[in-house]
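Student: Questions regarding the structure given below will be posed in turn.
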Amino acid sequence: MKTHNHILLLALLAISSLAAFAYSYPSPERKKARYYYLEGAREQAAGNMAEAYEYYKKAYLIDPSYEEAASSYGTTRLMVQTDSMQSGPQLMRSLDLMRPYVDKYPADLFEARTYAFVASRIDTISESIRIYERLDSLLPGNTVNLLQLSDAYMAAHQEEKALATLDRFEKTEGKSPQLSLKKMSFLLAKGDTLGAVKEADALIATNPREPSFRILKGNLYEVIGNNDSILAAYTEAEKISPDNGAAKISLANYYKNSGDSVAYDNKVYEALLSEDFELEDKLSLLSEYLQTLLDDSSDTARGDHLFSVLREQYPHEPKVLDLAARYSGAKGDFDDAEEQIGYAIDLDPANIEYWGQLMRFQLADERGADAVETYNKALLHITPTDPLKLMYASAATVAKDFDEAEKAYAELIHSINPSLPLTDSITDRKARNSLNYEGLTRMSSLYNMLGDMYYSAGNLEKAYKAYDNSLFFYPSNPMTLNNYAYFLTENGGDLEKAEEMSRKAIEQAPDNDTYLDTYAWVLFKKKEYKEALEYQRKALEAAQAAGTADNAEFYSHLGDILFMNHEPQEALENWKKALELEPDNELLKKKVTHKTFFYE
């Protein structure tokens, strides 16, 4: 009997062992899915996310119960940037794929946080809270979890829980400006302005001599609209640290918002002369401040002094030299601008922007040949970008090296489509259909500039063909329509065609002074003097509003149109204004001397 029982027990043990062995042995589906999953992981480690996505997808489809594969498939689905895959239902589908693994392995921090983050971004904040609360129970001392949990509570409008969670964080990590700022934002969200102020005071109490804490309190007062207390907080910060640049900037902004321009100006000036101020912040502030000095041209000496001080503070900083060059260029002092940017280039010859700045100054000073020389020097240090190549083409045009300019434009056009001609008419729709909107407008712009270059070279036929090609790619290009119309008008071309093109340009930009001037001039050439006068007056008004009225052509055209409208005295006044702006113009001299209209 005992023997029989012993044999039965052995048999049962054998059966249970076989069952356990059969249960632990992976199915063929799991083995195959495992292979694809590992291939996906290998591709992901190599940075090949598209390939990893396909492998993870295969692994999941072969064995949907394979949590690791499902999670990786769900995660990489989030990276597929198509409208359909980023739609609400598909994002939820990705989240559903990730959930089984996160619930099976709750202590996997990376996966849990990824899942919770995704949940919080697709309006399933309760799911995000569930995961963060579970992590908090597993790792109660983890401060990263506490911050994430507090954010999730706030997103769910559970302000009390959010603040309690931050209090727990503070017990572990201590008080900090970042934590106090977060607590203040939470308190303000629940409408507790008094609590936010108390939090600011608690931060100050940790270090009463730290000016940034006072500035933070001043910023808080600004948010809640307590104007009487803003100035006091910023002033206290400055008293604690009289050279503190941030305190001075805070005061400057306060004065600016209060409309006290004198106090603003003085405080900004103090800040810029302070050495306790980061260079990047100083340059940002200086750019804004310099514009106020340029608007008041009588006060540029302050800007000159600022740069002398800055150069003493940062003698080898090319960014300071670059800004000094821009300032001099804005004042019209191109010699100094070129000198300053030249120093910056010596310090940082690989900076493409500095070379471009130098070329801009030279072009603004009408020194095209020098700009061409600068470009060729730059090639020894940098690989030119398309904008720099465009500037080179413009420089060659100004230098009247039209063959070189043509080569530059050709290179830019052929970099987009090598088969396109420069001046032969383009009729192949494939050349247009292969480009997106940005490509069409860029190609149209290049042909427009090519047309301008040919016009400068005196080749009307090539210029008109280039303009036609510009309009082939972008029929409503207002710049091309305007230039084409004006040059047709000036050279005895088809005035009806010119009027139609000019009108289309105005329809797109009704306040553009140049386009209005062109349209008025076309009407003048068509002897429609009354309507021409209406548009020329609009052109001058638009130019005055834009600050671009210092253009002799506007006044010259207005004078001619007024004369033909039987207003000779007003015509003479405008010819005189034009002559003041362009004193070497012989035709204007004749009109002013003889007080009458002359054809060229």
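The values are calculated or read from the model by the stated rules, or taken from the named source; none is laboratory data. Every value quoted in this text rests on a predicted model; they were computed, and no experiment measured them. We place every Cβ from the backbone using ideal geometry, glycine too, and count neighbours over all the protein chains shown. All accessible areas refer to the heavy atoms of the entire protein, side chains included, with ligands and DNA or RNA removed. Shrake-Rupley method; radii C 1.70, N 1.55, O 1.52, S 1.80 Å.
Student: In region 103-112, what residues are crowded, with 18+ Cβ neighbours inside 10 Å and in contact (Cβ under 8 Å) with a residue 24 or more places away in the chain?
Tutor: Answer for region 103-112, where residues must be crowded, with 18+ Cβ neighbours inside 10 Å and in contact (Cβ under 8 Å) with a residue 24 or more places away in the chain: just 111.
Student: Any idea how many residues of region 562-600 are touching a residue at least 24 places away in the same chain (Cβ under 8 Å), under 19 Å from residue 527 (Cβ atoms) and either assigned to a loop (DSSP other than H, G, I, E, B) or acidic (Asp, Glu) (or both)?
Tutor: 3
Student: Then there is this: When only residues in region 371-427 that are open to solvent by less than 70 Å² (accessible area, probe 1.4 Å) and among the polar types (S, T, N, Q) count, which is nearest to the chain's Cα centre (by Cα)?
Tutor: Among those residues, the one meeting the criterion is 385.
Student: Still on this structure, please answer the following. Got a sec? Which of 185, 287 is under 31 Å from the mean Cα position of the chain (by Cα), modelled with pLDDT of 90 or more, surrounded by fewer than 17 Cβ atoms within 10 Å (Cβ to Cβ) and in a helix (DSSP H, G or I)? Lay out the reasoning, then the answer.
Tutor: Working: 287 fails: modelled with pLDDT of 90 or more.
On inspection, the qualifying residue turns out to be 185.
Student: Across region 458-478, what is the number of residues that are surrounded by 21 or more Cβ atoms within 10 Å (Cβ to Cβ) and under 27 Å from the mean Cα position of the chain (by Cα)?
Tutor: As a first pass, look at region 458-478 and keep what is surrounded by 21 or more Cβ atoms within 10 Å (Cβ to Cβ): 463, 465-467, 469-470, 473-474, 477.
Narrowing the set further to residues that are under 27 Å from the mean Cα position of the chain (by Cα) leaves 473-474, 477.
Number satisfying all stated conditions: 3.
Student: Whether any residue in region 517-535 is aromatic (Phe, Trp, Tyr), assigned to a helix (DSSP H, G or I) and either in contact with a Leu (Cβ under 6 Å, 6 or more places away or on another chain) or open to solvent by 40 Å² or more (accessible area, probe 1.4 Å) (or both) is what I want to check.
Tutor: yes
Student: Please give the number of the condition residue 251 fails out of (1) open to solvent by 20 Å² or more (accessible area, probe 1.4 Å); (2) of a type outside the set (Lys, Arg); (3) farther than 20 Å from residue 310 by Cα.
Tutor: (1)
Student: A follow-up question, please. Among the numbered criteria (1) in a helix (DSSP H, G or I); (2) under 27 Å from residue 207 (Cα atoms), which single criterion is violated by residue 242?
Tutor: For residue 242, the exception is condition (1).
Student: Could you tell me how many of the residues in region 239-248 are within 14 Å of residue 213 (Cβ to Cβ) and surrounded by fewer than 21 Cβ atoms within 10 Å (Cβ to Cβ)?
Tutor: Residues in region 239-248 being within 14 Å of residue 213 (Cβ to Cβ) and surrounded by fewer than 21 Cβ atoms within 10 Å (Cβ to Cβ): 4 in total.
Student: Follow-up question, since we're still on this one. For residue 342, work out the one condition from (1) farther than 30 Å from residue 252 by Cα; (2) under 25 Å from the mean Cα position of the chain (by Cα); (3) open to solvent by less than 50 Å² (accessible area, probe 1.4 Å) it doesn't fulfil.
Tutor: (2)
Student: Let me ask something else. Could you look through region 138-159, keep only residues that are polar (S, T, N, Q) and in a helix (DSSP H, G or I), and pick out the one that is surrounded by the fewest Cβ atoms within 10 Å (Cβ to Cβ)?
Tutor: 143
Student: Hey, another quick one. Within region 71-115, restricting attention to residues that are more than 31 Å from the chain's Cα centre (by Cα) and of a type in the set (A, V, I, L, M), which residue is nearest to residue 61 (Cα to Cα)?
Tutor: Filtering first and then ranking leaves 97.
Student: So the check is Cβ under 7 Å with 6+ separation or different chains; which pairs have a first residue in region 464-485 that's in a helix (DSSP H, G or I) and a second one that's among the basic types (Lys, Arg)?
Tutor: As it stands, the answer is 472/432; 473/432; 481/504, since those pairs meet every condition given.
Student: Here's something else I'd like to know. Does residue 354 satisfy the condition of being within 22 Å of residue 381 (Cβ to Cβ), modelled with pLDDT of 95 or more and touching a helix residue (DSSP H, G or I) at 6+ places or on another chain (Cβ under 7 Å)?
Tutor: Numbers: within 22 Å of residue 381 (Cβ to Cβ): yes; modelled with pLDDT of 95 or more: yes; touching a helix residue (DSSP H, G or I) at 6+ places or on another chain (Cβ under 7 Å): yes.
Answer is yes for this residue.
Student: Further question: Would you pick out the residues in region 53-69 that are surrounded by fewer than 24 Cβ atoms within 10 Å (Cβ to Cβ) and of a type in the set (Gly, Ala, Ser)?
Tutor: Correct list: 65 only.
Student: How many residues does region 550-579 contain that are open to solvent by 20 Å² or more (accessible area, probe 1.4 Å) and farther than 13 Å from residue 592 by Cβ?
Tutor: 8
Student: Test residue 435 against the criterion of being buried (at least 16 other Cβ atoms within 10 Å of the Cβ), in a loop (DSSP other than H, G, I, E, B) and at negative phi, and give yes or no.
Tutor: yes
Student: Looking at 417, 436, can you tell me which residue is at pLDDT below 95 and touching a helix residue (DSSP H, G or I) at 6+ places or on another chain (Cβ under 8 Å)?
Tutor: 417
Student: Determine whether region 254-269 contains at least one residue that is in contact (Cβ under 8 Å) with a residue 24 or more places away in the chain, of a type in the set (Asp, Glu) and farther than 26 Å from residue 207 by Cα.
Tutor: Yes, there is a match, as at least one residue in region 254-269 is in contact (Cβ under 8 Å) with a residue 24 or more places away in the chain, of a type in the set (Asp, Glu) and farther than 26 Å from residue 207 by Cα.
Student: Which ones in region 438-457 are β-branched (Val, Ile, Thr) and either surrounded by 18 or more Cβ atoms within 10 Å (Cβ to Cβ) or not in a helix (DSSP H, G or I) (or both)?
Tutor: Those that are β-branched (Val, Ile, Thr) and either surrounded by 18 or more Cβ atoms within 10 Å (Cβ to Cβ) or not in a helix (DSSP H, G or I) (or both): none in region 438-457.
Student: Across region 492-507, what is the total count of residues that are open to solvent by less than 70 Å² (accessible area, probe 1.4 Å) and modelled with pLDDT under 95? Full working, then the answer.
Tutor: First pass over region 492-507, keeping only residues open to solvent by less than 70 Å² (accessible area, probe 1.4 Å): 493, 495, 498-499, 501-502, 505-506.
Filter once more, so that each one left must be modelled with pLDDT under 95: 493.
Residues in region 492-507 being open to solvent by less than 70 Å² (accessible area, probe 1.4 Å) and modelled with pLDDT under 95: 1 in total.
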